[in-house]
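Working notes, structure below.
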Amino acid sequence: MRRSPSSPGFWRSPLRGPWLTSVLGVVLLGGITVLFVTGLVSYAAYNPGLSPVNDKTPDKGILGFYLFSWPTDPPWLYRLTQGVHVTLGITLIPVLLAKLWSVIPKLFALPPARSLAHALERISLLLLVGGALFEFVTGILNVQLDYVFPGSFYPLHFYGAWVFFAAFVAHAVLKTPKALRNLRHLKEEKDDLVSPRPAEPTVSRRGALWFVGGGSLLLFATTAGQGFDGFPRRTALLAPHGGGDPGSGPNGFQINKTAAYAGIDEAQTSGDAWRLVVVGRTGTVRLSRADLLQLPLHSSALPIACVEGWSTSDQWWRGVRLRDLAALVGHEGDPPDVFVESLQRRGAFRRAALRANQVADPRSLLALYVNGEELSPDHGYPARIIVPAAPGVLNTKWVARLTFGDL
């Protein structure tokens, strides 16, 4: 007689059982909680409540209750939080797949609901499985392929995270006490996951855990290096910016988009053609690069950190402080927010907004040099923004206009 997936004897693996499922569940309980928190922190780093150009998720409503003004200290903050978010997410893939495999009989169990509590558990399980697959798949595609889903990555990933985490919390509340009891007993108890007619084992449960852990360790080893320069980056085989730095010399460090990709015309950035327009309380000032070089120049050692999880070590930037540019147009002593516009023609974040605390920080620069040399075209020549702890996309390149004041 043919058996269906809802039949008790259809799933015959002797590995399935409450102990294995509980071990995987406890690992995911900690890991997914860290993923969720670092994801929300990353969203806050974009300052989405500051300006519509930063906010890719309109109408957040009550889901934006936690948003706060992103700090500039420590300067490596975003490098750490987003590096953890992306690397941990990739590392957890084998654990997630193993967990889904371990509970797959429950997805086909009949009847669909034996009681109200059982119905709630099944609904939370479906939302949990669907939400987990959606969040991991969209996150990985955003990291690896510059995103290929229809619609903006930001609202889809943001709303999806809340749906998934709500189901995750509900499931954890229902299952964590039982999981902890299962971990204290190696002997399997009667459970829906235990096959009534198991096949012959080919590997032990502990062997299966070692296999899953080895897969996670391999993914970690081939991803984590994207947050470092030199040899470690070459080990990041699964990261889009693995394989070493793109070139050598002062400008030979990672970039996300080239001048060619952004549609930057060399004629626009030449000394005769380019002017920085600065707008503020007292009017408008137009500055050539030569004019900027006549202003007091300052240096800052700051990294670049991207939402994709890669980052660089500190680079030595030199340029004009943003707060000094604000003072040129009447904002002395207490600089306001600033709206930054780029010459960039293609791609997201051609415009960005920075908070007043970011403008006031003495390390925040309109950079003209990096590591003792003029910026290369790919690094934003003739001038770019560099702000401590800000996501890379807010460190706007090829800056054309700064508007200080209410945004």
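For (1) touching an Asp or Glu at 6+ places or on another chain (Cβ under 7 Å); (2) at pLDDT 95 or above, each residue gets a yes or a no:
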| site | (1), (2) |
| --- | --- |
| Asp337 | no, yes |
| Phe349 | no, no |
| Leu354 | yes, yes |
| Glu373 | no, yes |
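Which ranges mark the helices (runs of 4 or more DSSP H) fully within the range 211-314 that have 2 or more residues being farther than 30 Å from Leu328 by Cα and open to solvent by 50 Å² or more (accessible area, probe 1.4 Å)?
In the range 211-314, 231-234, 259-262 are the helices (runs of 4 or more DSSP H) which contain 2 or more residues that are farther than 30 Å from Leu328 by Cα and open to solvent by 50 Å² or more (accessible area, probe 1.4 Å).
Test each condition in (1) more than 29 Å from Ser216 (Cβ to Cβ); (2) open to solvent by less than 30 Å² (accessible area, probe 1.4 Å); (3) in contact (Cβ under 8 Å) with a residue 24 or more places away in the chain for Ala119 and report the one that comes out false.
Evaluating Ala119 over (1) more than 29 Å from Ser216 (Cβ to Cβ); (2) open to solvent by less than 30 Å² (accessible area, probe 1.4 Å); (3) in contact (Cβ under 8 Å) with a residue 24 or more places away in the chain leaves (3) as the failure.
Looking at (1) of a type in the set (Gly, Ala, Ser); (2) at negative phi; (3) open to solvent by 10 Å² or more (accessible area, probe 1.4 Å), which is the only condition Gly330 fails?
Single failed check for Gly330: (2).
Does Ser13 meet the test of being part of a helix (DSSP H, G or I) and either loosely packed, with under 14 Cβ neighbours inside 10 Å or in contact with a Pro (Cβ under 8 Å, 6 or more places away or on another chain) (or both)?
No: the conditions fail for Ser13.
Being over 23 Å from the mean Cα position of the chain (by Cα), in a helix (DSSP H, G or I) and modelled with pLDDT under 90 is the requirement here; does Leu186 meet it?
no
Has the range 62-84 got at least one residue that is surrounded by fewer than 15 Cβ atoms within 10 Å (Cβ to Cβ) and assigned to a helix (DSSP H, G or I)?
yes
What residue, of Pro388, Pro382, Pro362, is in a loop (DSSP other than H, G, I, E, B), touching a Lys or Arg at 6+ places or on another chain (Cβ under 9 Å) and open to solvent by 10 Å² or more (accessible area, probe 1.4 Å)?
Values: Pro388 fails: open to solvent by 10 Å² or more (accessible area, probe 1.4 Å); Pro382 fails: open to solvent by 10 Å² or more (accessible area, probe 1.4 Å).
Selected residue: Pro362, the only one of Pro388, Pro382, Pro362 that is in a loop (DSSP other than H, G, I, E, B), touching a Lys or Arg at 6+ places or on another chain (Cβ under 9 Å) and open to solvent by 10 Å² or more (accessible area, probe 1.4 Å).
Scan the range 391-407 residue by residue and report those that are in a strand (DSSP E or B) and either modelled with pLDDT under 95 or of a type in the set (Lys, Arg) (or both).
Once the filter is applied, which keeps residues that are in a strand (DSSP E or B) and either modelled with pLDDT under 95 or of a type in the set (Lys, Arg) (or both), the range 391-407 yields only Arg401.
Under the condition of being of a type in the set (Asp, Glu) and touching a residue at least 60 places away in the same chain (Cβ under 8 Å), which residue from the range 333-374 is farthest from Leu292 (Cα to Cα)?
Here the answer is Asp337.
Which pairs do you get when a residue that is in contact (Cβ under 8 Å) with a residue 12 or more places away in the chain, found in the range 150-175, comes within reach of a residue that is exposed (fewer than 15 other Cβ atoms within 10 Å of the Cβ), reach meaning Cβ atoms under 7 angstrom, with the pair 6+ apart or on two chains?
Leu156/Phe149
Pick from Phe153, Phe68: which is under 15 Å from Val41 (Cα atoms) and aromatic (Phe, Trp, Tyr)?
When all the criteria are applied, what remains is Phe68.
The values are calculated or read from the model by the stated rules, or taken from the named source; none is laboratory data. No experiment lies behind these values; they were computed from the predicted model shown. All Cβ positions, glycine included, derive from the backbone under ideal geometry; neighbour counts span all protein chains shown. SASA here: full protein model, heavy atoms, side chains in, ligands and nucleic acids out. Shrake-Rupley method; radii C 1.70, N 1.55, O 1.52, S 1.80 Å.
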